[in-house]
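Novice: Quick one: this structure, given as structure tokens, is what I'll be asking you about.
Please treat every number below as a calculation from the coordinates, not as lab data. Keep in mind that this is a model prediction, so the values were computed, not measured. Because the Cβ atoms are built from the backbone with ideal geometry, glycine has one as well, and the counts that use them run over all protein chains shown.
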Amino acid sequence: MSEDKNFTLADLAEYTNSKVIGNGDAVVSNLASIKNANSKSITFLSNPKYSNFLETTSAIAVVVHESIVIKEGMNYLQSDDPYAVFAKLSSIFKKQDPDKDLPLIHPSAVISPSSNIGKNVTLGANVVIGHDCIIEDNVIIKSNVSLVQDVHIGENSIIHSNSILGSDGFGYAPSKAGYIKIEQLGKLIIGSNVEIGAGCSIDRGALDNTEIHDGVKLDNQVHIAHNVIIGKDSAIAACCAIAGSSVIGKNFQMGGLSGVLGHLSICDDVIIGAHTLITKNIKKPGNYIGIMPAQNQKDWAKSSIFIKNRG
């Protein structure tokens, strides 16, 4: 449950561009889940299958879709996108940042003299900014992040703890004497309003650049290999990996534990289901998935033979 603050329902409606049904003067002091709300909570219902909780919730108000059949005597905020209203409310009820009194650039941060830092940039403890990096205005980089070299981060982006950006790509030339390292000479270009989760690793390019375009959101523990391009407003869930030189269109969505092989092209507006491996180019927008539910090992052996024979 979020920290107590006091707003009228009418105030919240104005802020979220939603419609009050009921008492606009009702005072809301916290944001909570529909099951755990109290008499001062506002909660939300975005999935109709949870509509039964409207009968039992203690919340003073509920954010609902315009199509939901409402219960008389309750207070509501109606919207055509209740989940977006919830997202806006979360910013109102966000707890005060415990680090607000710390300096914007922590004393333990290390910044190469060849790098440029914009205005109002926050660098957490043990951040390392390597050679020839550019960080634009209003960027937040949290603790233990490393920008290895040749990284450009656009304004208003957020990098969460323990991520490594601009690391060497995985490039080697096999020879009779062993693997010869291919030096990575490109850059990593990250757009504006990008958010990169904790523990991510994104390689800089080999010759051309790795590019993460404006508005992209990465969950924790995502790996993006060298020379990958990810289009605007894409979102990738935890533990995904995209191999080198693949080009991803805008509005790409990728479920957790999924992968894209290297040197592929994926068009705009593609959704990849969880635990799916993309092995070929995708030329048509749509929802793609390749999950095989877990089975007893003997049953899986039989299934795999059937799939092979059908292929």
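Novice: Starting from the amide H of CYS133, placed 1.01 Å from N in the peptide plane, find each other amide H under 5 Å away whose residue is 5 or more places distant or on another chain.
Specialist: Under 5 Å from the amide H of CYS133 lie the amide H atoms of SER115, ASN116, ASP150, VAL151, each far enough along the sequence or on another chain.
Novice: Using only Cα atoms, locate the centre of the stretch 178-217 and the centre of the stretch 266-286, then give the distance between them in Å, rounded to an integer.
Specialist: Each part's Cα centre sits 21 Å from the other's.
Novice: Let me ask something additional. Going toward the positive end of the dipole of the chain, with +1 on Lys and Arg Cβ and -1 on Asp and Glu Cβ, which of LEU277, ASN23, ALA61 do you reach last?
Specialist: Going by the Cα projections, it comes out as LEU277.
Novice: Kindly provide the pair-distance distribution of the chain built from C-alpha pairs, with 10 Å bins from 0 and whole-percent values in order of increasing distance.
Specialist: 6, 21, 22, 24, 18, 7, 1, 0
Novice: Can you sort ARG204, ARG310 by how many other beta carbons sit within 10 Å, fewest first?
Specialist: ARG310, ARG204
Novice: Pairs of alpha-carbon atoms within less than 8 angstrom and 6+ residues apart define the contacts here; what relative contact order does the stretch 7-92 have, in percent?
Specialist: Once divided by the residue count of the stretch 7-92, the mean separation gives 30 percent.
Novice: With an 8 Å Cα cut-off and a minimum separation of 6 or more residues, compute the relative contact order for the chain in percent.
Specialist: Reported as a whole number, the value is 7 percent.
Novice: Which of the peptides 8-16, 47-55, 229-237 is most tightly packed, and how do the rest follow, going by the mean number of other Cβ atoms within 10 Å of each residue?
Specialist: 229-237, 8-16, 47-55
Novice: Which pairs in the list LYS217/LYS308; LYS280/LYS308; LYS250/LYS308; LYS71/LYS217; LYS88/LYS232; LYS40/LYS217 are over 27 Å apart, alpha-carbon to alpha-carbon?
Specialist: From the list (LYS217/LYS308; LYS280/LYS308; LYS250/LYS308; LYS71/LYS217; LYS88/LYS232; LYS40/LYS217), the Cα-Cα distance tops 27 Å for LYS217/LYS308; LYS250/LYS308; LYS71/LYS217; LYS40/LYS217.
Novice: Can you give the direction-averaged projected area of the convex hull of the alpha-carbon atoms in the stretch 83-235, in nm²?
Specialist: Taking the Cα atoms of the stretch 83-235, their convex hull projects to 10.3 nm² on average.
Novice: Now a separate question. Report the label-to-label distance for ASP269 and SER67 in nanometres (one decimal), using points 7 Å from each Cα along the Cα→Cβ vector.
Specialist: A separation of 1.9 nm, rounded to one decimal place.
Novice: Follow-up question, since we're still on this one. Could you run the Karplus curve 6.51 cos²θ - 1.76 cosθ + 1.60 with θ = phi - 60° over the stretch 282-292 and give me ³J(HN,Hα) per residue in whole Hz, x for Gly and Pro?
Specialist: Once θ is set to phi - 60°, the couplings for the stretch 282-292 become 10, 10, 10, x, x, 10, 10, 8, x, 7, 10 Hz.
Novice: Could you check the simple spin-label distance between ILE105 and ASP25, using points 7 Å along Cα→Cβ, in nm with one decimal?
Specialist: With each label point 7 Å from Cα toward Cβ, the separation is 5.3 nm.
Novice: Still on this structure, please answer the following. Once you have a ≥ b ≥ c as the square roots of the Cα gyration tensor eigenvalues for the stretch 7-92, tell me rounded if a/c is under 1.5, and otherwise prolate or oblate according to whether a/b is larger than b/c.
Specialist: rounded
Novice: Along Cα→Cβ, 7 Å out, is where each label goes; now give me the distance between the ones at SER33 and ILE307 in nm to one decimal.
Specialist: Modelled inter-label distance: 3.3 nm.
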